[in-house]
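Single-structure report; data block below.
The values are calculated or read from the model by the stated rules, or taken from the named source; none is laboratory data. Quick caveat: nothing in here was measured; it's all calculated off a predicted structure. Cβ atoms come from the backbone with ideal geometry, glycine included; neighbour counts cover every protein chain shown.
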Amino acid sequence: MKLSTLFLMLAVLFACTVMAQKIEPAANVSASGFSADRLKRIDEQMNDWVKKGWVSGTVGLIIRNGKIVYYKAAGYNDIADKTLMKKDDIFRIASQTKAITSVAVMMLYEEGKFLLDDPISAYIPAYANETVLDKFNEADTTYTTVPAKRQATIRDLLTHTSGIGYAQIGSKEANAIYAKNNITAGVDVSGDKLSDAMSRLGKLPLMHQPGEKFTYGLNVDVLGDLVEIWSGMSLDNFFRTRIFEPLGMSDTYFNLPANKASRLVNMYSEDSTGTLQKLTGEALGGHVDYPLRRKSYFSGGAGLSSTAYDYAVFLQMMLNGGTYNGKRLLSRNTVRIMTMNQIGDVPLGNDKFGLGFSVVTAKGSGATPAQEGTYSWGGAFKTSYWVDPKEKMVIVFYRQLLNTTHGELADKFRVMAYSALND
């Protein structure tokens, strides 16, 4: 074989590999291992949920082996004027921001900026003398503390085991203590700096001893501050230049530009009768229009808005072992440690938690169709995703609701996605 022929074959092989890393429509869903008839069940159910008034509208996306086998919208962006929901409408993804922040953190980890078991105080001095809440007086919100047995670490932040609680949506103790110190959930903040807020947080008591429990909290907002410290860039700029632009995520923002404002999905919530009402005011501590309100406080735990497709690109990068369309963000071993149990025997239902993701265990895989090793999370406004490495599948299901009595719809969508597998 001539050397030139060998080089040509290698070039073709490389090109095919790069192409396989990029999401593309499936030419034939059957060839991707799905039943077309069973996928139609999803259409029927999503439309039925709209007719019953359980959702205003939905977007569902299923990808396998990099091929889109299902990508549809149902229902309305505006129920009153019957404006249809579109596949590329932009949703407030809230806590789905956390996975992107975790990736940013691990990119900097790969650059040698820190080690996972470094104390937070090595980079934010306010965390040097941590205390733990002991007694709390609900009547006047006073409290006593005991010393922390050890300092909280970067790994603790990534796994939500640091003891940091959530402001506004957390426990009564956390809500009260953080409110007195102007600590918020982060989605609509003005007149404050992320670095200032996270330093104030560091001086407040932890809700428990580091490493002893899983407490969902402002850990990833602290990580967002650390990304800014380690990189010398704002979190917004880091995301844009280091993650979104390389991946081609052109519809994901902290500050949604004016020319895309019309694509922001309306927020709905059930009233006391179970009827959906469009929200125009407050939602989880911020104005419902916060994506359109220009900000410089970037919440790594909740601040982004995005489309189902953009977020699927991010998830496909993870499924590909840290690369997408020829651009590598993470090494495959970093992806491996992010998506495995990092909390040991700390209780978390049937499943465990990695570095930024919930991870399905063998026991958890008996409760749902998701294979062991599937990783996932979601957002407070009812957006959900799952990545199943064994099935090579990405599932995204978006709604935009504050309160609903039909939270099970995401799990039903997942069941139908798995049940459509036909290979």
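So here's what we get for this one:
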{"quantity": "Region 244-282 - residue that is within 29 Å of W49 (Cα to Cα), among the small types (G, A, S) and out of contact with any Ser or Thr (no Cβ under 8 Å at 6 or more places or on another chain) and, of those, modelled with the lowest pLDDT", "calculated": "G281"}
{"quantity": "Total residues in region 25-67, condition assigned to a strand (DSSP E or B), in contact with a helix residue (DSSP H, G or I) (Cβ under 7 Å, 6 or more places away or on another chain) and either surrounded by fewer than 18 Cβ atoms within 10 Å (Cβ to Cβ) or among the hydroxyl-bearing types (S, T, Y) (or both)", "calculated": "1"}
{"quantity": "Sole residue being more than 22 Å from the chain's Cα centre (by Cα) and closer than 26 Å to L116 by Cα, chosen from K180, K135, K203", "calculated": "K203"}
{"quantity": "Check on K72, part of a loop (DSSP other than H, G, I, E, B) and touching a strand residue (DSSP E or B) at 6+ places or on another chain (Cβ under 9 Å)", "calculated": "no"}
{"quantity": "Hits in region 288-325 - residues which are in contact with a Gly (Cβ under 7 Å, 6 or more places away or on another chain) and part of a helix (DSSP H, G or I)", "calculated": "V313, Q316"}
{"quantity": "Single condition G326 does not satisfy, out of (1) surrounded by 14 or more Cβ atoms within 10 Å (Cβ to Cβ); (2) in contact (Cβ under 8 Å) with a residue 24 or more places away in the chain", "calculated": "(1)"}
{"quantity": "Matching residues, region 336-355, being under 19 Å from the mean Cα position of the chain (by Cα) and more than 17 Å from L157 (Cα to Cα)", "calculated": "R336, D351"}
{"quantity": "Region 237-264, residues that are within 19 Å of L330 (Cα to Cα) and in a helix (DSSP H, G or I)", "calculated": "N237, F238, F239, R240, T241, R242, I243, F244, E245, P246, L247"}
{"quantity": "Matching option when the condition is within 19 Å of A94 (Cβ to Cβ), out of contact with any helix residue (DSSP H, G or I) (no Cβ under 7 Å at 6 or more places or on another chain) and not in a loop (DSSP other than H, G, I, E, B), among S376, S384", "calculated": "S376"}
{"quantity": "Where A370 falls short, out of the listed (1) crowded, with 18+ Cβ neighbours inside 10 Å; (2) touching a residue at least 40 places away in the same chain (Cβ under 8 Å); (3) within 22 Å of L223 (Cα to Cα); (4) not basic (K, R)", "calculated": "(3)"}
{"quantity": "Total residues in region 265-287, condition among the acidic types (D, E) and in a strand (DSSP E or B)", "calculated": "2"}
{"quantity": "Subset of region 68-93 [at positive phi and either surrounded by 22 or more Cβ atoms within 10 Å (Cβ to Cβ) or basic (K, R) (or both)]", "calculated": "K82"}
{"quantity": "Residue within region 162-184 that is within 13 Å of T101 (Cβ to Cβ) and buried (at least 21 other Cβ atoms within 10 Å of the Cβ) present", "calculated": "no"}
{"quantity": "Filtered residues of region 293-309 (kept if closer than 12 Å to V189 by Cβ and of a type in the set (A, V, I, L, M, F, W, C))", "calculated": "F298, A302"}
{"quantity": "Region 193-230: number of residues that are more than 24 Å from V146 (Cα to Cα) and either in contact with a strand residue (DSSP E or B) (Cβ under 8 Å, 6 or more places away or on another chain) or part of a helix (DSSP H, G or I) (or both)", "calculated": "13"}
{"quantity": "Matching residues, region 200-222, being surrounded by 16 or more Cβ atoms within 10 Å (Cβ to Cβ) and more than 13 Å from V132 (Cβ to Cβ)", "calculated": "L201, G202, F214, Y216, G217, L218, N219, V220, D221, V222"}
{"quantity": "Subset of region 338-350 [farther than 20 Å from A367 by Cα and either touching a Leu at 6+ places or on another chain (Cβ under 6 Å) or surrounded by fewer than 16 Cβ atoms within 10 Å (Cβ to Cβ) (or both)]", "calculated": "M338, Q342, G344"}
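This table checks each residue for (1) at positive phi; (2) in contact (Cβ under 8 Å) with a residue 60 or more places away in the chain.
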residue: G186; (1), (2): yes, yes
residue: S199; (1), (2): no, yes
residue: S234; (1), (2): no, yes
residue: F238; (1), (2): no, yes
residue: E245; (1), (2): no, no
residue: L276; (1), (2): no, yes
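Conditions tested, residue by residue: (1) modelled with pLDDT of 95 or more; (2) in contact with a His (Cβ under 8 Å, 6 or more places away or on another chain); (3) among the small types (G, A, S); (4) within 19 Å of S384 (Cα to Cα).
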| site | (1), (2), (3), (4) |
| --- | --- |
| A20 | no, no, yes, no |
| N28 | no, no, no, no |
| S32 | yes, no, yes, no |
| L61 | yes, no, no, yes |
| Y70 | yes, no, no, yes |
